[in-house]
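Novice: Attaching a single structure in C-alpha cells format; questions to follow.
Read the figures in this text as sums done on the coordinates, not as results from a lab. The model shown is predicted, which means the values in this text are computed figures rather than measured ones. Note that each Cβ is placed from the backbone with ideal geometry, even for glycine, and that neighbours are counted across all protein chains shown.
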Amino acid sequence: MRVNIFGKGMDRMPDTAFRIMALTYKVRDIFVHRDDILDEFGIHRGHNIVDYGCGPGSYIRKASELVGVGGMVYAVDIHELAIKAVKKRIEKENLRNVTALVVSNEKCPLADNSIDLIYALDMFHMVANPDTFLKELNRIVKPDGILFIDNGHQRRSEAKTKIHSSGCWKITEEKPRYMKCRSIKGT
Ligand SMILES: C[S@@+](CC[C@H](N)C(=O)[O-])C[C@H]1O[C@@H](n2cnc3c(N)ncnc32)[C@H](O)[C@@H]1O
C-alpha cells in the first residue's frame, strides 16, 4: 500500500487522516452548503443513485430528499470508517432510503445496470487504479446512466485523460466544478 497523507493515488487513507478529514468536513459543512451542487445534477424522485467515495456522508441527507421514498441512495466507500460514519448518520437522521456499502478489492456490491446516476466528488485524485474504477462505475449504471465527477485535487487535464483512456465514459458537459459523463453503453 502506498501511504500518502494527502491522499493522492492511494489505496486507502490511514485511519487518523480519515478522522481528521471527517472532523474538518463536519465543521466546514456548518458554514458551507456543499450539497447544493446536487441541485445541478438532475436527480429525480425514484432514482437509484450512488455517492461514490462518500466519506463521512456530507451529501447523503440532500441526496435522500431528492430521490424521495421511492428512490435509493447508495453511499459507497473503500474506508470502513466512512461506512461506520454514514451508518451512524442514517440512524441519527432516520434516512430510510440510504444504504452504506463498502467497496473491497475494487468491487462495488451493486448489480450490473442498476443505477441511474453516480456522483463522485473530491475523491478522483485518490483512486489508485482509475481505469478499473471507471469501468466498475460503468458496470453498475444503466445504459443511459450518468456520472458527475470532479477533478479532486488534480488538474482537469489529468482527470480528463483518465476518463478518456478508460474508454467507457464520454464527457458531455464541462463545468468549472465538475464534468458530466455518459456511459458509452447507451451509444
Ligand atoms: C476526500 S474524501 C471526500 C468525501 C466526499 N465525497 C466529500 O466530498 O465530502 C474522499 C473519499 O473517497 C474515498 N475513496 C478513495 N478511493 C476510493 C475508491 N477507489 N472507491 C471508493 N471510495 C474511495 C476515501 O476513502 C474517502 O472517504
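Novice: Work out the FRET efficiency for PHE31 and ALA111 from their Cβ-Cβ distance, taking R0 = 45 Å, and round it to the nearest 0.05. Write out the running numbers ahead of the final one.
Specialist: Details: r = 38 Å, r/R0 = 0.85.
Rounded to the nearest 0.05, the efficiency is 0.70.
Novice: Just to check I understand the Karplus step: with θ = phi - 60° and J = 6.51 cos²θ - 1.76 cosθ + 1.60, what whole-Hz values come out for the stretch 58-65, glycine and proline as x?
Specialist: 4, 9, 6, 5, 5, 4, 4, 5
Novice: Could I ask something else about it? Return the FRET efficiency for the residue pair LYS88, HIS164: r is the Cβ-Cβ distance, R0 is 41 Å, and the value is rounded to the nearest 0.05. All intermediate terms of the calculation are to be shown ahead of the outcome.
Specialist: Numbers: r = 38 Å, r/R0 = 0.93.
Approximately 0.60, to the nearest 0.05.
Novice: Check which residues have an amide H placed less than 5 Å from LEU101's amide H, if you skip close sequence neighbours.
Specialist: ALA75, VAL76, ASP77
Novice: Kindly write out, for the stretch 135-152 in residue order, the coupling ³J(HN,Hα) from the Karplus curve 6.51 cos²θ - 1.76 cosθ + 1.60 (θ = phi - 60°), rounded to whole Hz, with x marking Gly and Pro.
Specialist: Result, rounded to whole Hz: 5, 5, 4, 5, 4, 7, 7, 5, x, 9, x, 10, 10, 10, 9, 9, 5, x.
Novice: What list of ³J(HN,Hα) couplings, whole Hz, do you get for the stretch 155-162 from phi and the Karplus terms 6.51, -1.76, 1.60, once you set θ to phi - 60° and write x for glycine and proline?
Specialist: These are the phi-based 3J(HN,Hα) values: 6, 4, 4, 5, 4, 5, 4, 5 Hz.
Novice: Rounded, prolate or oblate: which fits the chain, taking a ≥ b ≥ c as square roots of the Cα gyration tensor eigenvalues, rounded meaning a/c under 1.5, else prolate when a/b beats b/c? Display every interim value, and only then the final one.
Specialist: Details: a/c = 1.42, a/b = 1.07, b/c = 1.32.
Cα axes put the chain in the rounded bin.
Novice: Let me ask another. 7 Å from Cα along Cα→Cβ at both LEU23 and ARG156: what's the point-to-point distance in nm?
Specialist: Modelled inter-label distance: 3.5 nm.
Novice: With Cβ to Cβ distances under 9 Å as the rule, what net charge do the other residues near VAL102 carry (K, R +1; D, E -1)? Each step should come with its number before you reach the end.
Specialist: Details: positive: none; negative: ASP77, GLU80.
In short, -2.
Novice: Further question: In the structure shown, do any of LYS26/LYS170; LYS92/LYS135; LYS107/LYS180; LYS142/LYS180 have a Cα-Cα gap over 25 Å, and if so which? Don't skip to the answer; put the middle values down first.
Specialist: Details: LYS26/LYS170 34 Å; LYS92/LYS135 34 Å; LYS107/LYS180 23 Å; LYS142/LYS180 15 Å.
Over 25 Å Cα-Cα: LYS26/LYS170; LYS92/LYS135.
Novice: Explain nothing, just the number: dipole magnitude of the stretch 106-169 about its Cα centre with +1 on each Lys and Arg Cβ and -1 on each Asp and Glu Cβ, in debye rounded to the nearest 20.
Specialist: 180 debye
Novice: Taking H as built 1.01 Å from N, whose amide H comes closer than 5 Å to the amide H of LEU121, not counting residues under 5 places away?
Specialist: Amide H neighbours of LEU121: TYR52.
Novice: Further question on the same structure: When the dipole is taken about the Cα centre of the chain, and only Lys, Arg (+1) and Asp, Glu (-1) are charged at their Cβ, what size is it in debye, to the nearest 20? Could the numbers behind the result be given before it?
Specialist: Details: 30 positive and 24 negative charges, 35 e Å.
The dipole of the chain has a size of about 160 debye.
Novice: What is the Cα centroid distance between the stretch 141-186 and the stretch 112-139, reported in whole angstrom?
Specialist: Answer, in whole Å: 9.
Novice: What Kirkwood hydrodynamic radius do you get for the stretch 67-119 when you take the inverse of the mean 1/r over all pairs of distinct Cα atoms, in Å? Can you show the working numbers first?
Specialist: On the way: mean 1/r = 0.0840 Å⁻¹.
So the Kirkwood estimate lands at 11.9 Å.
Novice: Next up: Express as a percent, rounded to the nearest 5, the fraction of DSSP beta bridges in the chain (both residues included) that run antiparallel. Don't skip to the answer; put the middle values down first.
Specialist: Values: 10 of 29 bridges.
Roughly 35 percent of the beta bridges in the chain run antiparallel, per DSSP.
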